[in-house]
1. Taking the Cβ of each residue in B:PHE36, B:PHE75 as the centre, tally the other Cβ atoms inside 10 Å and list the residues starting with the fewest.
2. Just how many % of Cα pairs in the range B:1-111 lie over 22 Å apart, if you round to the nearest whole percent?
3. Regarding chain B, what's the average projected area of the Cα-atom convex hull, expressed in nm²?
4. Starting from the Kirkwood radius over alpha-carbon pairs of the range B:91-225, derive D by Stokes-Einstein at 20 °C in a medium of 1.002 mPa s and give it in µm² s⁻¹.
5. Under unit Cβ charges (Lys, Arg +1; Asp, Glu -1), what dipole magnitude, rounded to 20 debye, does chain B have relative to its Cα centre?
6. Give the residue from B:GLN87, B:ALA100, B:SER117 lying farthest towards the positive end of the charge dipole for the range B:80-119; charges sit on Cβ (+1 for Lys and Arg, -1 for Asp and Glu) and the dipole is referred to the Cα centre.
Amino acid sequence: MADDWNDMTLVELVNRVVDRGVLLGGEITISVADIDLLHIDLRVLLTSADRMHRLSKGGVASPGAHPPKVSP
Amino acid sequence: MTGLHPYCVAPAGKGRPIDVLGLSDRPVHAHRVGPFDVWVSHEASPPALDLAGVKRHHQVVVAAMSLATAVPVRFGAWAPDARVLEQRVLARREEIEAAADRVRDKVEFGVRVEERSIRSTLEEPDAPQDGRGYLRRLSRVHAARRGRRTLQADLAHRLDSCVRAVRCDERVLLLDAPGLIATAHLVGRGDEERYRESVEEFVRDARSSYRVHVTGPWPPYSFAS
């Protein structure tokens, strides 16, 4: 699975391993000092395409309407 | 100080870790907790977040997924001893079982769409000279944000229209510029080729205007919680 580590695959890898998966407590405090060449999507909004489309058509979505999902 | 670093939670008795090393090159073993085997390695201290550790964590999850459906654990969940680990896993037993049902026999693909220009549409290079200028700039910034959100919604909808018939579930992340959206799709094992063909339709349409990256198959990290 995904063993071709180009830059974009590394971004996707780090985002998944660090920011997703089941939480079991005791998570480390994230420091990006050692991986500053990568962009981690820590400030993102989790939704679905359907919901986004409905909100967009309804004109009620705005960037500040929902709190960002921030990793521990 | 020693403790346990968990990688994933698998059904009990569905295979033992073989030929895979954990962080710090420690051996990985299956620690039985109720109905689960938690794949762990003994580590001298909580793991540092570095690329080598992230890759190693992922490799262990991939090894587990080759044996049975496993629920990936987020990197860094270090427990000081087995008792604490067991308490944490059992406290989330229902959540883990639901996640295992959701991702059973499935893999994850990712589609990331980015702007071709690095410059954000929200940038305003010139500082306003007076209050009226400030309000005009504020109005432009808000209009750009609304436009950006509409664009993100449109891209997500176009992408989903292409893959809806083959994906089982989805997660859409809205990205800061120059990113636009990052979508995770849950796809049944055996449907990988059909998914690639479906997503290629979106890629062909979008890549003249955007950078589009498709990655996977991954373990189903985005659907584990």
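1. Listed from fewest to most nearby Cβ atoms, that is B:PHE36, B:PHE75.
2. Values: 1593 of 6105 pairs.
Within the range B:1-111, distances greater than 22 Å cover 26 percent of Cα pairs.
3. So the Cα hull casts an average projection of 16.0 nm².
4. Rounded to a whole number, D works out at 127 µm²/s.
5. 480 debye
6. B:SER117
None of the figures in this text is laboratory data; all of them are computed from the coordinates on show. Bear in mind that the values here come from a model prediction, so they are computed numbers and not experimental data. All Cβ positions, glycine included, derive from the backbone under ideal geometry; neighbour counts span all protein chains shown.
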